[in-house]
Amino acid sequence: MRNFANPHPDEVHKSHRAGWLRASVLGVNDGIVSTSSLMLGVLAARANGSAILTAGIAGLVAGALSMAVGEFVSVSSQKDSEKADIAIEERSIANNPDEELAELTWIYTQRGLDEDLARTVAQQLHAHDAVVAHARDELGIDHEALAKPTQAAVASAFAFSIGAAVPIVATLLSGSSAGLWAIVISSLIALAISGAVGAYIGGGHKVVAASRVFLGGGAAMAITALIGHLIGGTV
């Protein structure tokens, strides 16, 4: 018997992962690039090993907290906006049910249904749950999957911390003379892996994604190290 819940088991879509994938990849990459760049800048300014590790740990804590707060505020704003739009629809449906039904019918005709079928579909969905139907088809909001600020904050902070730990651990495991290369090599490898994994999960081109973050992260580290070297030579 055909499984209508999953009629095409070989047809696996990945676009539904875009939200959490974007936040996770951004968090990891930001942690790697910002922390390694900070440590390289301090190292290039001729600081000692203790100062370099202190800068790295401070960068991890500050960056993780900043990511958490930033995500919480932005996602909370998104959720507030979604809830406000849903409340507007609830009031409009209560006060103007016929107009809202006609609006939903028009939406379905624009999507290719003939008018009679569109009206039938709209009537049935209105009878089932008018608010959910309008939120989904008029506003593009999944009523059952509103933004989750706390989840986004924790995920972003965790992802950033994982990325930021790479250059710190590399520095701890290497000798003081090899600190610079340990940070650079470990961070570039981690960036390439992060880009490739993100592309694999999202269905993108792994080599292109890995090259993109590899080159971008390498440029950021090089520029920061140069600035640290210039400042260290004049202060």
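The values are calculated or read from the model by the stated rules, or taken from the named source; none is laboratory data. For clarity, every value in this text was computed on a predicted model and none was experimentally measured. Here the Cβ is made from the backbone with ideal geometry for all residues, glycine too, and neighbour counts use every protein chain on show. Keep in mind that these areas ignore ligands, DNA and RNA; they rest on the heavy atoms of the full protein, side chains included. Shrake-Rupley method; radii C 1.70, N 1.55, O 1.52, S 1.80 Å.
Quick one: is T109 free of Cβ contacts under 8 Å to residues at least 12 places away in the same chain, more than 27 Å from L65 (Cβ to Cβ) and hydroxyl-bearing (S, T, Y)?
So T109 passes the test.
Do we find that A182 is modelled with pLDDT of 85 or more, small (G, A, S), over 20 Å from A64 (Cα atoms) and surrounded by 16 or more Cβ atoms within 10 Å (Cβ to Cβ) in this structure? So A182 passes the test. Out of all the residues in the range 186-196, is one or more among the polar types (S, T, N, Q), at pLDDT below 85, part of a helix (DSSP H, G or I) and more than 27 Å from S211 (Cβ to Cβ)? No, the range 186-196 contains no residue that is among the polar types (S, T, N, Q), at pLDDT below 85, part of a helix (DSSP H, G or I) and more than 27 Å from S211 (Cβ to Cβ). Would a scan of the range 70-78 turn up a residue that is at pLDDT 85 or above, aromatic (F, W, Y), closer than 29 Å to S34 by Cα and open to solvent by 30 Å² or more (accessible area, probe 1.4 Å)? Looking for residues that are at pLDDT 85 or above, aromatic (F, W, Y), closer than 29 Å to S34 by Cα and open to solvent by 30 Å² or more (accessible area, probe 1.4 Å), one finds at least one in the range 70-78, hence yes.
The set of residues in the range 34-54 that are hydrophobic (A, V, I, L, M, F, W, C), under 17 Å from S161 (Cβ atoms) and either within 16 Å of the chain's Cα centre (by Cα) or surrounded by fewer than 22 Cβ atoms within 10 Å (Cβ to Cβ) (or both) contains only L53.
Of all the criteria given as (1) farther than 30 Å from A155 by Cα; (2) of a type in the set (S, T, N, Q); (3) in contact (Cβ under 8 Å) with a residue 60 or more places away in the chain, the one not satisfied by Q123 is (3).
Scanning the range 116-145 for residues that are of a type outside the set (S, T, N, Q) and open to solvent by 70 Å² or more (accessible area, probe 1.4 Å), which turns out nearest to the chain's Cα centre (by Cα)? My answer is D142. When restricted to residues that are within 34 Å of the chain's Cα centre (by Cα), open to solvent by 60 Å² or more (accessible area, probe 1.4 Å) and modelled with pLDDT under 85, the range 104-115 contains 2.
Taking A58 as the residue in question, decide whether it is under 28 Å from the mean Cα position of the chain (by Cα), open to solvent by less than 30 Å² (accessible area, probe 1.4 Å), at pLDDT 50 or above and of a type in the set (A, V, I, L, M, F, W, C). Taking the combined requirement at face value, the residue does not satisfy it.
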